[in-house]
Every structure is written in structure tokens, then in C-alpha cells.
């Protein structure tokens, strides 16, 4: 757990610790650097998430993000970079929570409404299996983008960074993949 300290922070020491971590990849060094700014990260998260416990969890999650992101970017002003990373983390979390209520399996699958109540779970299981089969039939780039967006709840930017596709390509793959998945599922439903 990170302890929040409010002390005057020397920016040159930040750069020194950052450089030391980039050379050694020693998590203790990164932890020391992060600890210097954990209080700021917490208050950024609290501002966006409006929940103390979620904000504490976010502080830990952001540290885990740092491990993967700090060596992939040129960081000239660590506190400012960390502030933006923290803000984006919170916005992505809020977006994923919003999407959980908006994106559902029903968007792809039409479940028959006239089934006997005891038959519904089996039917849903069959349709989930069919959807997985339809997903496997998508072209690779569409399949990968759809899985990352809907199942792993990644944003366009994260998908772009992890796959190397441009943002426009990611949007296109998701849109086309979603359409092709829906067509495949409709064909499956007609065969039933």
C-alpha cells in the first residue's frame, strides 16, 4: 500500500529515479518514484471517480500500468505525465462502467422470448457457443479488435497501441466485425 506524503518534491530527483529505473528495471526504484506522487494520483482519482475505495484501488492499478508504460514513452516531466496517465485511467474506468450497462450480448444475439422458462438457460448457452463460433469465423483483424473492445473492454487507443493498427482501422474493424458477427448470429438463429 502506498503511503501519501505531502512534501516538496524535487523534479531533478524524479528524473534521476526515472532514469535509474529505465536502466535497471528495478521495481523498487519505480515504487520509490511513484510513492513521491501517490497522493496526487489519489486525489486525481478521487476527483474523477468520486469514491475513496475506488480511488485507492486506482492508485494500485495505475502503478501496475506504470510498469508497462514508463519505458515505452519519452517522459520529460514525470509528475505531469503521471497526472495525465491517472486522469486517462479514471476516464477509461468510467467509460468501461458506462459500457457495461450499454454493451450486452443482446446487441448481437436475439434470444427467443417465447421459450419455456426452464428452456431459456440451455438456449442461451447454445447461443453463446454459436456466438463464439461466429467470432472465430471473423477475419483475424476484426476478431482481434472485437474481442479486445467488447470482451476485454479496451478503448480504441489501447487496441491501437497493442495491435499496431491505426485508430481508424480499429474503428473500422470493430464496426465491420460487429456487423459480420450479427449476420452470422442471425443465420444461426434462422437455422434453429
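One table, with the values for the structure above:
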read-out	value
At R0 = 25 Å, FRET efficiency that the Cβ-Cβ distance of residue 132 and residue 171 yields, to 0.05	0.60
Full-stretch length increase - residue 53, residue 141 - with 0.36 nm per residue and alpha-carbon distance subtracted	27.9 nm
Isotropically averaged projected area of region 11-101, using the convex hull of Cα atoms (one quarter of hull area), nm²	5.8
Virtual spin-label span in nm between residue 32 and residue 19, 7 Å along Cα→Cβ	1.5
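Every number in this text was worked out from the coordinates using simple rules, so none of it is lab data. Just so it is clear, the model here is predicted, and its values are computed rather than measured. Heads up, the Cβs are rebuilt from the backbone with ideal geometry, glycines too, and the neighbour counts pull from every protein chain shown.
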